[in-house]
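What follows is calculated from the coordinates using simple rules that are stated; it is not laboratory data. This one's a predicted model, so the numbers in the text were calculated from it and none came from an experiment. Cβ sites come from the backbone with ideal geometry, for glycine too, and all protein chains shown count toward neighbours.
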2 protein chains.
Amino acid sequence: MGRRTPSNRPTLARVAERAGVSVSTASLAFSGSGPITPETRDKVFAAATDLGYTGPNPLGRQLRRGRSGIIGVVIGDHPRRAFRDPVAVQVLDGLVDALGTEKLGVLLIPGVDGGEDAVDPLIETAAMDVAVLVWGVLTKDPTLAALQRRDVPVVVGEGRAVEGAPLVALEDRAGAAEAVRHLVELGHTRIAEISLPFGRGERSGPVDADRISRADRTPTVHRMAGIRDVVEPVITWETPASLVEHGRDAATEILGTWVPASERPTAIVAHSDLLAAGAVIAARELGLRIPEDVSVAGFDGLDLPWLSPDVLTSVHQPLREKGTRLGQAAIGLLAGEEPTSVSLPVGLVPGTTTGPAPVG
Amino acid sequence: MGRRTPSNRPTLARVAERAGVSVSTASLAFSGSGPITPETRDKVFAAATDLGYTGPNPLGRQLRRGRSGIIGVVIGDHPRRAFRDPVAVQVLDGLVDALGTEKLGVLLIPGVDGGEDAVDPLIETAAMDVAVLVWGVLTKDPTLAALQRRDVPVVVGEGRAVEGAPLVALEDRAGAAEAVRHLVELGHTRIAEISLPFGRGERSGPVDADRISRADRTPTVHRMAGIRDVVEPVITWETPASLVEHGRDAATEILGTWVPASERPTAIVAHSDLLAAGAVIAARELGLRIPEDVSVAGFDGLDLPWLSPDVLTSVHQPLREKGTRLGQAAIGLLAGEEPTSVSLPVGLVPGTTTGPAPVG
DNA sequence: CGGCGCGGTCAAATCGATTCGACATGCGCT
DNA sequence: AGCGCATGTCGAATCGATTTGACCGCGCCG
């Protein structure tokens with residue numbers, strides 16, 4: 001059991017030789033399915049254990065098969081930021097699970113810092129049978145372009161459909177509309193919006209109609225549209241990422257210094273639960289009662305025990321299912337099925353953070 | 001630009017043929033380093049773009065090289081649980097970064113639900129040049145055993161050293177001792193401990209000396225030892241995972257019903273920041289002031305904006321650096337260097353959650 | 001003017017497996 | 001007894017690249 005150098009690692013050929021059979025027969029023995037007598041198979045296995053051979057070398061098998069068994073998962077940012085959002089984590093979980101049933105592995109591909117057209121080198125060179133673009137594609141997406149050049153089949157989560165690629169979407173627009181309708185029914189008229197990022201750049205602050213019209217990122221665009229299906233927000237605040245601190249900063253401005261108290265928004269709808277949680281914390285810090293003074297609605301349906309005693313009113317999404325669907329879409333593509341797209345339903349679940357609008 | 005079936009995907013041989021050169025020359029052209037005239041190279045590149053060839057097939061290259069360019073990262077649990085802890089996310093981030101510099105990719109390998117000896121199929125069959133066991137190894141670890149059988153070099157984070165494998169550890173014991181010493185210096189004598197899991201099983205509740213002695217998981221064991229280097233806790237509460245809700249549950253018991261108020265612990269030291277945050281929330285819910293009535297110290301040094309206005313007193317660890325060191329260790333192994341281990345320093349950073357022990 | 005060396009190109013071996021078609025054996029059936 | 005078929009085994013081709021060593025022609029130097 002000493003250390004072995006790569007060069008003396010046993011191969012199928014050596015096993016076959018030792019077992020006194022041909023390489024093909026040895027291969028058949030390991031594949032398990034071919035026609036082979038039990039004795040021959042045992043002979044091969046015995047030789048294998050003698051030599052310390054633990055099964056076919058994946059590299060050889062992959063080359064022959066023309067498949068790597070690897071699915072590239074493009075998370076669009078550095079892990080520390082992408083996974084700071086529990087939403088991404090749950091989707092990934094479903095994805096890993098679904099792919100695991102087919103013995104497919106997940107190769108993590110981070111986004112890049114670089115300029116406009118920069119893509120991670122893995123996109124260009126890594127072996128993968130399918131790539132999953134979890135957070136959709138931009139209108140001119142260098143990552144998508146590189147994958148298409150390489151003929152790597154693609155599965156898209158969220159947003160814009162790509163020719164020949166299955167799309168797994170959520171009913172963002174309807175869900176956002178539902179959340180705002182809930183607020184309107186409670187009597188709110190001055191509703192502020194805290195939004196997800198609009199595009200590549202990192203910006204934060206209030207936005208005007210012009211910038212809104214140029215938003216280029218998919219959950220953002222759909223959720224903004226859904227909100228506007230019901231009401232026009234009194235203000236829209238862009239954030240650089242779905243993180244508690246950004247929601248807190250935005251709400252501190254919106255509820256604090258932005259307008260005189262008499263014109264203060266009575267409700268905030270945020271594009272994500274983390275942003276909404278930040279808004280709740282900001283309201284607490286400003287001495288505002290929730291929901292008596294201000295209502296807050298989120299989006300995602302996360303379980304946030306640390307927000308206790310408040311429970312967010314939120315639009316629940318089947319996040320894990322989104323992951324499993326993405327995985328199944330990838331598997332389907334490998335099986336040669338025609339790409340089919342789905343849009344998963346979402347639904348409002350009221351919590352303790354929304355209530356009737358204050359009178360006057 | 002129509003769809004191509006795998007069979008008519010261009011190969012280096014076809015490019016060479018079209019360019020009127022040999023395969024070896026074409027290969028040289030793409031490798032970039034070989035001796036070749038600019039004209040020949042351009043001829044090859046022109047033929048390549050004609051055919052839509054985007055570079056050597058990774059599978060062929062990998063087989064020849066004997067390297068897959070993939071590092072398996074064993075996270076020891078399902079992603080939704082492993083990555084719910086920001087600690088894991090930061091380590092992963094450093095790891096991905098470090099490996100990215102060498103164009104190595106991260107293959108995510110989850111833990112399994114199954115019985116004692118179950119391992120993820122990827123462990124047995126996936127191609128990987130090195131495996132990183134981020135959260136250490138158990139005393140009898142089926143994952144480690146499977147990897148050793150396959151001759152996959154291993155890098156270990158945390159805990160027990162493995163023969164021939166670099167170990168990247170943190171000075172857990174000293175850090176834990178420092179945290180408790182801080183509490184003792186503040187006058188605390190009744191100190192409770194909320195601990196990380198002891199082993200595979202999911203248990204929660206107070207533990208006795210016998211169970212403590214049988215703990216088999218590395219950060220847990222070291223942190224317990226460090227605490228006991230300074231003081232014996234009045235109670236140790238085991239939790240099934242490093243999550244806010246478990247810390248909250250534990251602290252609710254410890255500070256609430258467990259003993260009469262006069263004997264209530266005046267300080268809690270938790271093995272992680274998420275557990276500590278849960279304890280802070282529990283204290284708030286019980287109407288206890290922090291730090292006047294109860295002090296809470298954590299471990300990890302996370303940034304937890306949602307705990308505002310409190311800032312945890314915590315032992316800061318270089319988590320991202322742990323990740324980069326793990327990555328560098330893997331790279332070193334691939335380069336044939338002798339495995340070397342490191343232990344990274346940690347340090348107490350006082351926040352607002354610890355203060356002098358209440359008098360009486 | 002001849003030989004040496006070097007830059008550039010190429011043929012062939014190699015990485016480790018899978019799989020197709022051929023082949024040998026033995027059995028059953030007429 | 002002879003034919004055909006099923007069963008099990010094997011040889012050889014193949015997947016797509018990298019790399020070594022041979023080879024060739026040309027320029028430079030003695």
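Averaged over the residues of A:92-101, the number of partner chain Cβ atoms lying within 10 Å of the residue Cβ comes to 4. Each residue, B:GLU17 and A:HIS316, gets one label point 7 Å from its Cα in the Cβ direction; the gap between the two is 5.9 nm.
Counting only C-alpha contacts under 8 Å and six or more residues apart, can you give the relative contact order of the range B:193-352 as a whole percent? This gives 19 percent for the range B:193-352. Note that the range A:15-20 has calculated 3J(HN,Hα) couplings of 4, 4, 4, 5, 7, x Hz, one per residue in order, obtained from phi through the Karplus relation 6.51 cos²θ - 1.76 cosθ + 1.60 (θ = phi - 60°); glycine and proline are x.
Nearest 20 debye, what's the magnitude of the dipole of the protein assembly as shown about its Cα centre given +1 on Lys and Arg Cβ and -1 on Asp and Glu Cβ?
The calculated dipole for the protein assembly as shown is roughly 2600 debye.
What separates the A:ALA261 label point from its copies, with the point 7 Å along Cα to Cβ, is 3.4 nm, written shortest first. Ignoring aspartates and glutamates fewer than eight residues from A:LYS140 along the same chain, the ones with Cα atoms less than 19 angstrom from its Cα are A:ASP77, A:ASP113, A:GLU116, A:ASP117, A:ASP120, A:GLU124, A:ASP151, A:GLU158, A:GLU163, A:GLU202, A:ASP216.
The gain in end-to-end length when the B:SER31 to B:ALA46 segment is fully stretched comes to 3.8 nm, 0.36 nm per residue minus the alpha carbon separation. Looking at the square roots a ≥ b ≥ c of the eigenvalues of the Cα gyration tensor of the protein assembly as shown, which shape do they give, rounded for a/c under 1.5, prolate if a/b is larger than b/c, or oblate? It is oblate, given that a/c is not under 1.5 and a/b is not larger than b/c. Ranking of A:SER33, B:SER314, B:SER27 by neighbouring Cβ atoms within 10 Å, starting from the fewest: A:SER33, B:SER27, B:SER314. Short-range pairs are left out: with C-alpha atoms under 8 Å and at least six residues apart, the relative contact order of chain A is 17 percent.
Looking only at other chains, what is the average number of their beta-carbon atoms within 10 angstrom of each beta-carbon in B:113-126? Let's see the in-between values first.
Numbers: counts 0, 0, 0, 0, 0, 0, 0, 4, 6, 9, 0, 4, 8, 7.
Mean shielding by partner chains, rounded to a whole number: 3.
Amide hydrogen proximity for A:VAL315: with H placed 1.01 Å from N in the peptide plane, the residues at 5 or more positions away or on another chain lying under 5 Å are A:GLY298, A:PHE299, A:ASP300, A:GLY301, A:VAL349. Ignoring everything except DSSP H segments at least 4 long, calculate the 222 nm mean residue ellipticity for the protein assembly as shown; use -39,500 (n - 2.57) per segment, divide by total residues, nearest 500. Value at 222 nm, helices only, nearest 500: -11500 deg cm²/dmol.
Based on the alpha-carbon gyration tensor of the range A:172-316 and its eigenvalue square roots a ≥ b ≥ c, which shape applies: rounded if a/c is under 1.5, prolate if not and a/b is larger than b/c, or oblate? Note, shape of the range A:172-316 comes out rounded.
Taking amide H as placed 1.01 Å from N in the peptide plane, the amide H of A:ALA241 sits under 5 Å from none that are at least 5 places away or on another chain. Residue exposure proxy: B:ILE227, B:ILE290, ordered by other Cβ atoms within 10 angstrom of their Cβ from fewest to most, comes out as B:ILE290, B:ILE227.
Scalar couplings 3J(HN,Hα) for the range B:282-298, obtained by applying the Karplus form with A = 6.51, B = -1.76, C = 1.60 to θ = phi - 60°, are 4, 4, 4, 5, 7, x, 8, 8, 10, x, 4, 8, 8, 9, 9, 10, x Hz; x denotes Gly and Pro. A Förster radius of 60 Å combined with the Cβ-Cβ distance from A:THR189 to B:ASP303 puts the calculated FRET efficiency at roughly 0.95. Spin-label model, A:THR340/B:GLU163: points 7 Å from Cα along the beta carbon direction are separated by 5.4 nm. Shielding of peptide B:12-20 by partners, expressed as the average count of other chain Cβ atoms within 10 Å per residue Cβ, is 0.
Each 5 Å bin from zero holds the following percent of Cα-Cα pairs in the range B:67-153: 3, 14, 26, 26, 19, 10, 2, 0. Here A:LYS43 is the anchor, and the aspartates and glutamates within straight C-alpha reach of less than 12 Å, apart from those fewer than 8 places off in the same chain, are A:GLU17. In nanometers and ordered shortest first, the copy-to-copy spacing of the A:VAL184 label point, defined 7 Å from Cα toward Cβ, is 6.5. With a Förster radius of 51 Å applied to the C-beta separation of A:ASP151 and A:GLU263, the computed FRET efficiency comes to 0.35.
Take A:GLU17, push a point 7 Å out from Cα through the beta-carbon direction, and compare it with the same point in every other copy: 3.4 nm, smallest first. Note on A:GLU39 and B:GLU116: their simple-model spin labels are 3.7 nm apart, each label 7 Å out from Cα toward Cβ.
I need A:MET128, B:MET224 ordered by Cβ neighbour count within 10 Å, fewest first.
Going from least to most buried by this count: B:MET224, A:MET128.
Using the Karplus relation 6.51 cos²θ - 1.76 cosθ + 1.60 with θ = phi - 60°, the per-residue 3J(HN,Hα) values for the range B:348-353 come to 6, 10, x, x, 9, 9 Hz, with x marking Gly and Pro.
Chain A: longest stretch without exposed trypsin sites (Lys or Arg not before Pro) (DSSP loop, at most 13 other Cβ within 10 Å), sites themselves excluded? Write down the numbers at each step before the final one.
Details: sites that count: A:ARG3, A:ARG4, A:LYS103, A:LYS140, A:ARG200, A:ARG203, A:ARG214, A:ARG289.
Segment A:5-102 is the longest.
The distance separating the Cα centre of the range A:301-360 from that of the range A:190-260 comes to 20 Å.
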